[in-house]
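Below you'll find the structure, written out as structure tokens, and then a few comments.
No lab work stands behind these numbers, since they all come straight from the coordinates. Keep in mind that this is a model prediction, so the values were computed, not measured. Because the Cβ atoms are built from the backbone with ideal geometry, glycine has one as well, and the counts that use them run over all protein chains shown.
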Amino acid sequence: MAKFKAVYESEEDLPESIDPRELYVERDGKFVLDAEGVKTLVDVEKLQTALKKEREEHRGTKLKMKAFGDLTPEAVTEMQDELEELRAAPGQKGRPSDETIQKLVDARVAKEKRELEKQLKTLSEERATLLAERDELKGRDKKRRLKDTIVELTRGEKGLKIRPEALEDAELYAERMFVENEDGAFVTREGAGVEPGLSPRELFVAIQTDGKRPHWFMETQGAGAQGGRPQGGAHKGPNPFDKKTFSISEASAMMKADPIRAKRLIASAEDPSLAKQVFAAALRG
């Protein structure tokens, strides 16, 4: 069995057996495998280059610091502040001039400013570290809740029949497809190659209906009069959301039994505004 490469030079080199938008992303003119938690060859090369540069800069800084011996940066700064004050007041007797006083004030203000800037830098670095830790925790929590959501889809009599060995693949796919909306619910994101705003159930039902990723789903047989047909299939009969054949009772029943098909029929209606009115009336009914 042929193995996929981590990087392809052009889109023409991508294998014909896959949809390149699902597995690869374009980066610096090349197509790189987009896998959660996996570093590509390009990522490794960039990291090695950055590490080499950092080591060279550290070596150069270390050589420069040898000239100062045991002096610390703090000691040098303090000596500089004292020198500025001595220059501002060169041992004169009597009341110092206004210019001398101003120089002394400026020197001490500059010293306090440097101290405050140093503290601010330390606080900024600590804040950045805390934010990074918070984002990491939020990311872990999101992955956990999304995983629980996918597992929940498989439970109960109406649960999706996803193969246990395919759950991990389905969860990784979900991580790329879903974001949280303002209400904290998972919905498909913009630019994911599918209709944005779909819930996990709606997307997975659509995948099963369209015959995509068949290795995820178990065979369904003997599922009543529908013969195991999943929701969202082709509609037979008049469109209850259409201008000439609308029916609030049929629309309401379809929205409860098969929301995926209902959305598709609303989108294909001759008069979308009327279809939305029927939809609203069906909700009230």
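Key figures for this structure:
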| read-out | value |
| --- | --- |
| Most to least packed among 250-263, 187-200, 97-110 [average Cβ atoms within 10 Å] | 250-263, 187-200, 97-110 |
| Sequence-distant residues sharing a close amide H with residue 217 (under 5 Å, placed H) | 163 |
| For segment 138-153, Karplus couplings with θ = phi - 60° (6.51, -1.76, 1.60), whole Hz, Gly/Pro x | 5, x, 5, 5, 4, 4, 5, 5, 5, 4, 4, 5, 5, 4, 4, 4 |
| Net charge of neighbours whose Cβ lies under 12 Å from the Cβ of residue 50, counting Lys and Arg as +1 and Asp and Glu as -1 | -1 |
| Long pairs among 212/263; 64/121; 62/113, criterion Cα-Cα beyond 25 Å | 62/113 |
